[in-house]
1. Quick one: TYR105 ticks every box in (1) farther than 20 Å from THR29 by Cα; (2) aromatic (Phe, Trp, Tyr); (3) touching a Ser or Thr at 6+ places or on another chain (Cβ under 8 Å); (4) surrounded by 14 or more Cβ atoms within 10 Å (Cβ to Cβ) bar one, so which box is it?
2. Would segment 188-200 turn up any residue that is at pLDDT below 85 and outside any loop (DSSP other than H, G, I, E, B)?
3. Which of the residues spanning segment 108-136 are closer than 30 Å to LEU159 by Cα, surrounded by fewer than 22 Cβ atoms within 10 Å (Cβ to Cβ) and not hydrophobic (A, V, I, L, M, F, W, C)?
4. If we keep just the residues of segment 181-208 that are open to solvent by 100 Å² or more (accessible area, probe 1.4 Å) and of a type in the set (Ser, Thr, Tyr), which is farthest from LEU305 (Cα to Cα)?
5. Within segment 34-50, count every residue that is in contact with a Pro (Cβ under 9 Å, 6 or more places away or on another chain) and of a type in the set (Ser, Thr, Tyr).
6. Give me the strands (runs of 3 or more DSSP E) completely within segment 1-87, filtered to those with at least 3 residues that are modelled with pLDDT of 95 or more and either of a type in the set (A, V, I, L, M, F, W, C) or loosely packed, with under 15 Cβ neighbours inside 10 Å (or both), ordered by residue number.
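The values are calculated or read from the model by the stated rules, or taken from the named source; none is laboratory data. Note that the structure is predicted; figures quoted are calculated from it, not measured. Positions of Cβ are generated from backbone atoms using ideal geometry, with glycine treated the same way; all protein chains shown enter the neighbour counts. Ligands, DNA and RNA are stripped out before the accessible areas are found, and what is left, the full protein with its side chains, is counted by its heavy atoms. Shrake-Rupley method; radii C 1.70, N 1.55, O 1.52, S 1.80 Å.
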Amino acid sequence: MVLNKEDFDKPKSEVMGSKSTEEFAITRTERHFRPTHFLLKIQSYSLLCETGVEKYESGVFEAGGHKWRLSLYPKGNKKMNGNDHISLYLSIVDTEKYSLGWEVYATFKLFVFDQIRDKFLTVQDAEGTIRRFHDIKMEWGFDKFLPLDSFNNLPNGYLVNDCCVFGAEVFVHERSAKRDYLSMIKEPSNRIMTWKIENYSTQQDKVPIYSRIYVVGDLKWKLLVYPKGIHDGANKAISVFLYSVDCVTPDLKIFAEFKLRIKDQINNKHAEQKLNTGSLPHLTTGVFHNFCFEKILTMHPRGFLLKTP
């Protein structure tokens, strides 16, 4: 049920339909279930008003890992055009320990108790708006929480025997959602990696032979060569791999399309194969979780291996 300001001047029987208003951007509903986080009971409410106090601040309560309090303006927050209304706000407190630039995101509901019908009038931002509390804006709420004539009208049940009850529920939205990021580059800069292995025959017992680091786009890569092969190519082929230096955690995935090539330095009949990361298995080496893709080349006495003059 959504109640507008004009509804408070009507009999209860005329207010049970649902209405909304963009003017106040809030909804008012009724429920029996009491507020989850805080109740404020005020005895001798008339004496509080007679003191002339503009704002009453409640005690502190905890919700969602943070500390809060209610700020009540018995005769309305006149600075915010709350004349002829009760103004009620939620404030975050004890923020001195928070780091610079802190922010807390929360949705909340504020309540006043109908003591005759044993119901709570619930007031909240329309459509569950999430409010951002920070060091400049530490308070959110409702300038026109409830018209004074409705609050003071005994049949409405909000002020009975000079006693009233307000309440609050606060739901904090933690910014701990897992994030994913996909960036696609068609032709990254410096995409050709050329590695000339000197004295290859003297390094054939090394497993593997690593190239220097190449930067392609914003990522770092190495080439790996197993002179005597590995896996299916063991002892019968050369195995060549592309190795991602950046892929250091299991959660990081890099999709790439690439060619591995051994150049024929005489006839230009290169041994090459086009591969992509979506069709080949992962390997784990040392502390790196990397993707290395195998290119098994059948040995052939062409121009792949030349003696250095």
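1. Going through the list (1) farther than 20 Å from THR29 by Cα; (2) aromatic (Phe, Trp, Tyr); (3) touching a Ser or Thr at 6+ places or on another chain (Cβ under 8 Å); (4) surrounded by 14 or more Cβ atoms within 10 Å (Cβ to Cβ), TYR105 breaks only (3).
2. Yes, that holds for at least one residue.
3. Selection gives ASP114, GLN115, ARG117, ASP118, LYS119, THR122, GLN124, ASP125, GLU127, GLY128, THR129, ARG131.
4. TYR181
5. Summing the residues that are in contact with a Pro (Cβ under 9 Å, 6 or more places away or on another chain) and of a type in the set (Ser, Thr, Tyr) in segment 34-50 gives 1.
6. Per the criteria, 38-42, 61-63, 66-73.
So that you can scan it fast, the table gives a plain yes or no per residue for (1) open to solvent by less than 20 Å² (accessible area, probe 1.4 Å); (2) free of Cβ contacts under 8 Å to residues at least 40 places away in the same chain; (3) outside the structural domain of ILE192 (by the TED database); (4) over 18 Å from GLN273 (Cβ atoms):
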| residue | (1), (2), (3), (4) |
| --- | --- |
| TYR210 | no, yes, no, yes |
| VAL215 | no, yes, no, yes |
| ILE230 | no, no, no, no |
| ASN235 | no, yes, no, yes |
| LEU242 | yes, no, no, no |
